[in-house]
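My questions all concern the structure below.
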Amino acid sequence: MGKEGYEKYIKAIEEAEEQVKLKYEAQQQSSKFRNRPLVEEKAVFSQNAWDDVDWDDEQKTEAILKVENNSKTMVDEVQRVQLDDNAADNWTKFYEIHQNKFFRDRRWLFKEFPDLVGPFGPSFDSTMSESEIEKKRQNETFVGENSNFRILEVGCGNGSTVFPLLMYNNHPELYVYCCDFSSKAVQVVSESPHLETNRCTPFVWDITKENPNLPFPPESLDIVVIIFVLSAISPEKFDQVFQNLYKILKPNGLILFRDYGLYDLVQLRIGPGRCISDNFYFRGDGTRVYFFTEDEVEDIFKRNGYTKLDIIVDKRLQVNRLKKIKMFRVWVQGRFQKISSSLNSSI
């Protein structure tokens, strides 16, 4: 073994050791992530968050009354149609104001959804990775074809999901597509220094529309990630969303879902006069938000051809330790699988 070969050998060992260390640290963090029960109320302000916090009867009653109060006055049909027609424009204005200042890096993704690591592992020798990626992009009929683990993020916003995916998994077998119906959001991602153009394709897509022009063929994706996206869409369009996604997933492909749950803090803070329909509201900037129950999410997926792998209601108590404020959050999260082939399906 020559000097150059020896140096590469040592570097490979060092990188392997580093990956073992990172994997161990991730496992340690993951074990802590959803294992923070609040045993004694007096300890509530001793840390920033608590998991699986049950609500007492008084709290449940108060939440129900708040929702009843903010739902008494519904918007009229004209305003409802305007909010729907202007949805993309309202989100574009949102991103023009906030751009990459609003959402945080979702590093919790791999803890909540370990499927994102993929069958090839999360990492690859950095030097070899670049050359292997270049090889993968040669002689493709569609971009990403030669990578065997393909993910689509729906509703990419400013990249708070897609960039962690690229950052923490540099394996050449991973290719990531990301879309948003806001052209401004796609522009923000496309112009970001974090974008790796040989591993990721951002594009504009309104997932409520049929027959889209996509950068990949039907049944070509392993995973679709849809996080805090469905809630911004009119409930009557939910079915079309999942029928569209069904067609682009491989058989046995997964959808990873997370969104607002019924009685989340956001819902309880909404004032009267902003209700569009049951549990569906508009914010001051015109963007909309829906709040789901577990049964409702499960039913949406089931009637559109998916089977449930798991689903939870994440009831978390976040606290402001300085101001002594409690904030009760509710999210619905699940993994759903496509079984049969969309090419032979009526969906």
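Given labels modelled 7 Å from the Cα in the Cβ direction, how far is it in nm from Thr307 to Arg321?
4.5 nm
Let me ask something else about it. Summing Lys, Arg as +1 and Asp, Glu as -1, what charge do residues with Cβ under 9 Å from the Cβ of Ile226 carry, Ile226 excluded?
Working: positive: Arg258; negative: Glu153, Asp259.
Summing Lys and Arg as +1 and Asp and Glu as -1 gives -1.
Now, a different point. Report the gain in length on full extension from Glu58 to Lys135: 0.36 nm times residue separation, minus Cα-Cα distance, nm rounded to one decimal.
Values: separation 77, 0.36 × 77 = 27.72 nm, distance 6.14 nm.
Length difference between fully extended and current span is 21.6 nm.
Could you work out how far the C-alpha centroid of the range 193-247 sits from that of the range 261-323, in angstrom?
20 Å
Return the Cα extents of the range 44-193 along principal axes one, two and three, sorted largest first, each rounded to a whole Å.
60, 45, 25
Which ³J(HN,Hα) values, rounded to whole Hz and listed in residue order, are derived for the range 295-302 from phi using the Karplus coefficients 6.51, -1.76 and 1.60 in 6.51 cos²θ - 1.76 cosθ + 1.60 with θ = phi - 60°, glycine and proline given as x?
4, 5, 4, 4, 5, 4, 5, 4
If one puts a single equal scatterer on every Cα of the range 195-347 and applies the Debye formula without solvent, what log₁₀ I(q)/I(0) results at q = 0.17, 0.21 Å⁻¹?
With one equal scatterer per Cα and no solvent, log10 I(q)/I(0) is -1.05, -1.34.
At a threshold of 8 angstrom on Cα-Cα distance, excluding pairs fewer than six apart, so keeping six or more, what relative contact order does the range 142-290 reach in percent?
Result for the range 142-290 is 22 percent.
Let me ask another. Assuming a ≥ b ≥ c are the square roots of the Cα gyration tensor eigenvalues, decide whether the range 245-303 counts as rounded (a/c under 1.5), prolate (otherwise, with a/b larger than b/c) or oblate.
prolate
Now, a different point. Within 10 Å of each candidate Cβ there may be at most 14 other Cβ atoms; applying that plus a DSSP loop requirement, which chymotrypsin sites (Phe, Trp or Tyr not before Pro) in the range 127-203 survive?
Sparse-neighbourhood loop chymotrypsin sites (Phe, Trp or Tyr not before Pro): Phe142.
For the range 245-312, calculate the relative contact order in percent as a whole number, restricting contacts to Cα pairs under 8 Å that are 6 or more residues apart.
Values: 45 pairs, mean separation 17.6, N = 68.
Relative CO of the range 245-312 lands at 26 percent.
Now for a different question. By the gyration tensor of its Cα atoms, with a ≥ b ≥ c the square roots of the eigenvalues, what is the shape of the range 150-229: rounded for a/c under 1.5, prolate for a/b over b/c, or oblate?
Taking the square roots of the gyration eigenvalues as a ≥ b ≥ c, the range 150-229 is oblate.
Any read-out appearing in this document is the output of simple, stated calculations on the displayed coordinates, not a laboratory observation. What you see is a predicted model; the values in this text were computed from it and never measured. Virtual Cβ from ideal backbone geometry, glycine too; neighbours counted across all protein chains shown.
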